[in-house]
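Written below as structure tokens is the structure these notes are about.
The values are calculated or read from the model by the stated rules, or taken from the named source; none is laboratory data. Please read all numbers here as calculations on a predicted model, not as lab measurements. Glycine also receives a Cβ, built like all others from the backbone with ideal geometry; neighbour counts cover every protein chain displayed. Accessible surface is based on the protein model in full, side chains and every heavy atom, while ligands, DNA and RNA are left aside. Shrake-Rupley method; radii C 1.70, N 1.55, O 1.52, S 1.80 Å.
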Amino acid sequence: MKKFILLALPLLLACCLAGCKKNINYLDYVSEKRTDIYLYSDDKLEIKIYLSEKETPFCADGIKGAMGELTEIYVTLPENHEEVSVSAGSIEGEMNYRAVENCYYLSGSGAAVSGENTEVTLTYGGESQTYTVSSVKYGKILDCDSAAKCIIEHEADTFASMTENGVFKGEIFVRLLYDEGCYYYVGICDREKKIEAFLVDGEKGKIIAHKQING
């Protein structure tokens, strides 16, 4: 009987350890998702709309906070105006001028627009004009979770090294980008504010570039 107990003890211990081991869903630690981009441009102006789910207030400190939906509108004009107003879906108001980026900006909570196309009305110089902005997503573009999973799988050792007692000591940023094609920026931020940044092909999920950013 004693011999049986001694032989069975390692097996019982292994079963207990396996039962205590937590399956971690690293997607639970994503603190920013830029889910869509809408664009319009011509010779006179450019309109960009970013739809995001984002930590509020946002802070790249390796700790995920409460998330909220956010719509951001950027407008670039050929000349500056004292007042520029915008209306797009459920968001409207007077835009703020950003001197560094030389553009006008307005943000609001919630996902203000949806669908493949949406209308944006700009008012400045005493006139109003409506434009149709279109989503940059085409064909089989990955969503934010799929882009994040590409990095989670590729950087399994990095995620393991940042995990203690079933808790991931970091946060993940996933931002849709567009430059004649869709890409994703995926960042892994630790508690020291150091970021492992990756550029991912938006269609194939292939890692194009990787660099380290010190906070």
List the strands (runs of 3 or more DSSP E) that sit entirely inside the range 17-93 and contain at least 1 residues that are under 23 Å from GLY181 (Cβ atoms) and open to solvent by less than 20 Å² (accessible area, probe 1.4 Å). 30-41, 46-55, 67-76
Quick test of your reading of the structure: GLU153 fulfils all but one of (1) among the charged types (D, E, K, R); (2) surrounded by fewer than 17 Cβ atoms within 10 Å (Cβ to Cβ); (3) assigned to a strand (DSSP E or B). Name the failing condition by number. (3)
Hey, among the residues in the range 62-80 that are touching a Gly at 6+ places or on another chain (Cβ under 9 Å) and among the small types (Gly, Ala, Ser), which one's farthest from SER52 (Cα to Cα)? GLY62
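Quick one: would you say GLY139 is in contact with a Lys or Arg (Cβ under 7 Å, 6 or more places away or on another chain) and at positive phi? Outline the logic, then answer.
Values: in contact with a Lys or Arg (Cβ under 7 Å, 6 or more places away or on another chain): no; at positive phi: yes.
No, not satisfied.
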Taking the range 121-144 as the region of interest, how many residues are open to solvent by 70 Å² or more (accessible area, probe 1.4 Å) and over 30 Å from GLU82 (Cβ atoms)? 5
